[in-house]
1. Going by what's in this entry, would Asp93 be described as charged (D, E, K, R), assigned to a helix (DSSP H, G or I) and either in contact (Cβ under 8 Å) with a residue 60 or more places away in the chain or touching a Pro at 6+ places or on another chain (Cβ under 8 Å) (or both)?
2. Could you figure out which of (1) in contact with a Leu (Cβ under 9 Å, 6 or more places away or on another chain); (2) within 27 Å of Phe30 (Cα to Cα) isn't true of Leu103?
3. Answer yes or no as to whether Asp85 is surrounded by fewer than 21 Cβ atoms within 10 Å (Cβ to Cβ), more than 19 Å from Val13 (Cβ to Cβ), modelled with pLDDT under 85 and out of contact with any strand residue (DSSP E or B) (no Cβ under 8 Å at 6 or more places or on another chain).
4. State whether one or more residues within the range 204-218 are of a type in the set (Asp, Glu), in a helix (DSSP H, G or I) and surrounded by fewer than 18 Cβ atoms within 10 Å (Cβ to Cβ).
5. When you look at Leu80, is it over 30 Å from Leu265 (Cα atoms), surrounded by fewer than 16 Cβ atoms within 10 Å (Cβ to Cβ), at pLDDT below 85 and within 22 Å of the chain's Cα centre (by Cα), yes or no?
6. Do you know which residues across the range 174-195 are closer than 24 Å to Phe243 by Cα, of a type outside the set (Asp, Glu) and touching a residue at least 24 places away in the same chain (Cβ under 8 Å)?
7. Do we find that Ile130 is under 26 Å from Arg258 (Cα atoms) and either touching a residue at least 24 places away in the same chain (Cβ under 8 Å) or in contact with a strand residue (DSSP E or B) (Cβ under 6 Å, 6 or more places away or on another chain) (or both) in this structure?
8. Kindly indicate which of Thr185, Thr151, Thr213, Thr133 is under 25 Å from Leu110 (Cα atoms) and of a type in the set (Val, Ile, Thr).
Amino acid sequence: MSWAAGWRKYGRVLVIGIQNTLVYRANFLFRASISLVPLLGTLQVWRTIFAGKPDGGTIAGYTLSGMISYYLIVNVVDALTAVTDDDWEIAADIRDGKISQFLLRPIDYLTYRLCLYLSGRAIYTSVALIPVTLFTLYLRHDFVWPNHPITLLLFPLSVLMGGLLQFFIAYLMALLAFWFLDVSTLIFIQFAFEYIASGHLFPLDLLPAGLQTIIFLTPYPYLSYFPAKVYLEEDSGPLAYGFAVQAAWLLIGYFAARWAWSRGLRRYTAAGG
């Protein structure tokens, strides 16, 4: 198959995915707006914590403005990269035998699902950025803007790589449906750990050094925490090292996804027409 034919085929998948996702644009708007309510509560908690410090001070190197900006950036990264129902849909395709149609046609399932993920993110981001932008403008006096123009290039790169890494993690979790009848519990456990280890609940700088070391042996800090630190220009280590580790995890995720798919197909059976 030529590259042109491949682009046309999967480009069509992107278009169909966008058309299907547009149906839920109102739901996305309400979901994104409601998600700001707990964020507002979290920021108020941190305002109270910083107000108790004699001179404002810093916590783990964060000023109040830095902490507020961190949570806002993490929220933006989440809107850009979060996997919604992709893992559930992939697991359902395997459980219900729907992947048989992809085995009989010249369609790569991983690329197909990646196109649907990107189309879903494009629509959700377009809608979610409306309330997020308004919320950011409301907090504009506490929002920290980057000092170096290069950050405006590095930040989107880190977000893109983090989004792809998150997709591969969700894809791998869904492929467990080849071995387990119900993977919902495993997906929930993975999501709970991801929520903490990605820095979404709180900056990982607040954790003890030993626990930070353990968490940074996993790919999760490179989903939200690392992009936020890139934007804030406060990464404690060299940026080149951080991007190298993020890229390494991305490659590991890709090849692990390919390996798990090939292994899973050996166990896959389908009956009926």
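1. Values: charged (D, E, K, R): yes; assigned to a helix (DSSP H, G or I): yes; either in contact (Cβ under 8 Å) with a residue 60 or more places away in the chain or touching a Pro at 6+ places or on another chain (Cβ under 8 Å) (or both): no.
For Asp93, the condition - charged (D, E, K, R), assigned to a helix (DSSP H, G or I) and either in contact (Cβ under 8 Å) with a residue 60 or more places away in the chain or touching a Pro at 6+ places or on another chain (Cβ under 8 Å) (or both) - is not met.
2. Among (1) in contact with a Leu (Cβ under 9 Å, 6 or more places away or on another chain); (2) within 27 Å of Phe30 (Cα to Cα), the lone unmet condition for Leu103 is (2).
3. Values: surrounded by fewer than 21 Cβ atoms within 10 Å (Cβ to Cβ): yes; more than 19 Å from Val13 (Cβ to Cβ): no; modelled with pLDDT under 85: yes; out of contact with any strand residue (DSSP E or B) (no Cβ under 8 Å at 6 or more places or on another chain): yes.
No, not satisfied.
4. Yes, the range 204-218 contains a residue that is of a type in the set (Asp, Glu), in a helix (DSSP H, G or I) and surrounded by fewer than 18 Cβ atoms within 10 Å (Cβ to Cβ).
5. Values: over 30 Å from Leu265 (Cα atoms): yes; surrounded by fewer than 16 Cβ atoms within 10 Å (Cβ to Cβ): no; at pLDDT below 85: yes; within 22 Å of the chain's Cα centre (by Cα): yes.
The answer is no for Leu80.
6. Just the residues of the range 174-195 that are closer than 24 Å to Phe243 by Cα, to begin with: 190-191, 193-195.
Narrowing further to those that are of a type outside the set (Asp, Glu): 190-191, 193, 195.
The one that is closer than 24 Å to Phe243 by Cα, of a type outside the set (Asp, Glu) and touching a residue at least 24 places away in the same chain (Cβ under 8 Å): Phe193.
7. Numbers: under 26 Å from Arg258 (Cα atoms): no; either touching a residue at least 24 places away in the same chain (Cβ under 8 Å) or in contact with a strand residue (DSSP E or B) (Cβ under 6 Å, 6 or more places away or on another chain) (or both): yes.
Criteria not met by Ile130.
8. Details: Thr151 fails: under 25 Å from Leu110 (Cα atoms); Thr213 fails: under 25 Å from Leu110 (Cα atoms); Thr133 fails: under 25 Å from Leu110 (Cα atoms).
Answer to the check: Thr185.
The values are calculated or read from the model by the stated rules, or taken from the named source; none is laboratory data. Because the structure is predicted, anything quoted here is derived from the model rather than measured. Neighbour counts run over all protein chains shown; Cβ positions are idealised from the backbone, glycine included.
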